[in-house]
Amino acid sequence: MSDHDAEAKKELGNKAFAAKDYDEAIKHYTSAIAIDSKNCVYYSNRSACYGGKKDWAAAARDAKECIKVNPAFIKGYYRLANAQSEQNEFDAALATIKQGLAIEPDNPQLQKQMKQIKAKRSSTKRAESAAASNANASAVRGIPYRANLDSSISKEVNDLQEQLISTTKEYRAVKANIMRAQKEKRSNELTKVELEKLPPGTDAKMY
């Protein structure tokens, strides 16, 4: 097959991508790559498809291959940085952008992406710090931290915690009653001993 055939497959992939039929688009771009594996655009486009499916690991692999085939193709750096950022690999993403900017320093897309990723990294660090603080506070109170649980699991955990609190209260009440009973028993035993020591005929009534 010729380069023309590969381009025809790419066009079919572009149409499927525009319709958000990512699986179909991936199929066509893969066919194009099979015909011409040295065209960086095919890898870049397939990377975008994987991104549309939220398969960021696959998106990163294709973006790396895109850069490998053509290190001067700036879109490859953008694709890779985006995939890395979505996997919270912020430092790697920023390093990728710097590589792209070394080739094209004034690229507005990469410059904007760098700002966005830096902001996302800062936001994620703040969220992680807050989560750690909440987890530590919950641990001090003896309550398991419930971060990132869906609503059904969170409700179940809440119910279990309420049951635990209720059971703990009941246990403490029972324990208090037992201690009172033991105290009364000891008191009665002492009284009995004292009564036994009284001389015969002594009036033991209490007034």
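The values are calculated or read from the model by the stated rules, or taken from the named source; none is laboratory data. These numbers come from a predicted model, not from an experiment. Note that each Cβ is placed from the backbone with ideal geometry, even for glycine, and that neighbours are counted across all protein chains shown. Heavy atoms of the whole protein, side chains included, go into the accessibility calculation; ligands, DNA and RNA do not. Shrake-Rupley method; radii C 1.70, N 1.55, O 1.52, S 1.80 Å.
Side notes on the structure shown:
- Top-ranked residue of the range 11-22 - restricted to ones that are without any contact (Cβ under 8 Å) to a residue 24 or more places away in the chain and part of a helix (DSSP H, G or I), ranked as most open to solvent (accessible area, probe 1.4 Å): Lys15
- Gln111 being open to solvent by 40 Å² or more (accessible area, probe 1.4 Å), under 30 Å from Glu128 (Cβ atoms), of a type in the set (S, T, N, Q) and out of contact with any helix residue (DSSP H, G or I) (no Cβ under 6 Å at 6 or more places or on another chain): yes
- Just one of (1) touching a residue at least 12 places away in the same chain (Cβ under 8 Å); (2) open to solvent by 30 Å² or more (accessible area, probe 1.4 Å); (3) part of a helix (DSSP H, G or I); (4) not aromatic (Phe, Trp, Tyr) fails for Arg126. It is (1).
- Scanning the range 92-115 for residues that are within 22 Å of the chain's Cα centre (by Cα) and in contact (Cβ under 8 Å) with a residue 12 or more places away in the chain yields a count of 2.
- For the range 51-77, the tally of residues that are surrounded by fewer than 24 Cβ atoms within 10 Å (Cβ to Cβ) and in a helix (DSSP H, G or I) stands at 13.
- Residue in the range 28-46 that is open to solvent by less than 30 Å² (accessible area, probe 1.4 Å) and free of Cβ contacts under 8 Å to residues at least 12 places away in the same chain present: no
- Residues that are assigned to a loop (DSSP other than H, G, I, E, B) and closer than 22 Å to Tyr42 by Cα, drawn from the range 78-117: Glu104, Asn107
- The lone exception for Ala93 - which of (1) over 27 Å from Ile26 (Cα atoms); (2) modelled with pLDDT of 95 or more; (3) not polar (S, T, N, Q) it fails: (1)
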